[in-house]
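Undergrad: I'd like to ask you about the structure that follows.
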Amino acid sequence: MCLYLVYRHKLGFGDIPILLCFILINDSLIFAYTLLIATILGFTGLLFANQARLPFVPYLLAGWLIANLGEKAITYFVK
């Protein structure tokens, strides 16, 4: 699936190693939240940037930080 997206120029070559790292170091729920948050941030950035394409890695990193900090905050306050 990822190779198809790269072939069709919908996903860059720098996104794949970042996604693979996120899959290896996080559980599946945090990875799903990361993708959801990064997609929302990316769409918001695309609306305001007036460009056809944006780099997705900064949005992935921001989504990962938000998802991890959110998980840590929830587990801290629940205990």
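Undergrad: Quick one: how many residues across the stretch 24-60 are closer than 18 Å to PHE13 by Cα and among the β-branched types (Val, Ile, Thr)?
TA: The qualifying residues number 2.
Undergrad: Are there any pairs, at least 6 apart or on different chains, whose C-beta atoms fall under 8 Å, with the first in the stretch 38-53 and outside any helix (DSSP H, G or I) and the second surrounded by 11 or more Cβ atoms within 10 Å (Cβ to Cβ) and not aliphatic (A, V, I, L, M), and if so, which?
TA: Short answer, once both residue conditions are applied: none.
Undergrad: Continuing with the same structure: Taking the conditions exactly as written (modelled with pLDDT under 90 and more than 9 Å from the chain's Cα centre (by Cα)), does PHE13 satisfy them or not? Talk me through it step by step, then tell me what you get.
TA: Details: modelled with pLDDT under 90: yes; more than 9 Å from the chain's Cα centre (by Cα): yes.
Yes.
Undergrad: Restricting to the stretch 41-53, count the residues that are surrounded by 13 or more Cβ atoms within 10 Å (Cβ to Cβ) and farther than 16 Å from ILE18 by Cα. Break it down stepwise before answering.
TA: At the first step, the residues of the stretch 41-53 found to be surrounded by 13 or more Cβ atoms within 10 Å (Cβ to Cβ) are 41-42, 45-46.
Add one more test, that the residue is farther than 16 Å from ILE18 by Cα, and what stays is 41, 45-46.
Residues in the stretch 41-53 being surrounded by 13 or more Cβ atoms within 10 Å (Cβ to Cβ) and farther than 16 Å from ILE18 by Cα: 3 in total.
The values are calculated or read from the model by the stated rules, or taken from the named source; none is laboratory data. These figures come from a predicted structure and were not determined experimentally. Positions of Cβ are generated from backbone atoms using ideal geometry, with glycine treated the same way; all protein chains shown enter the neighbour counts.
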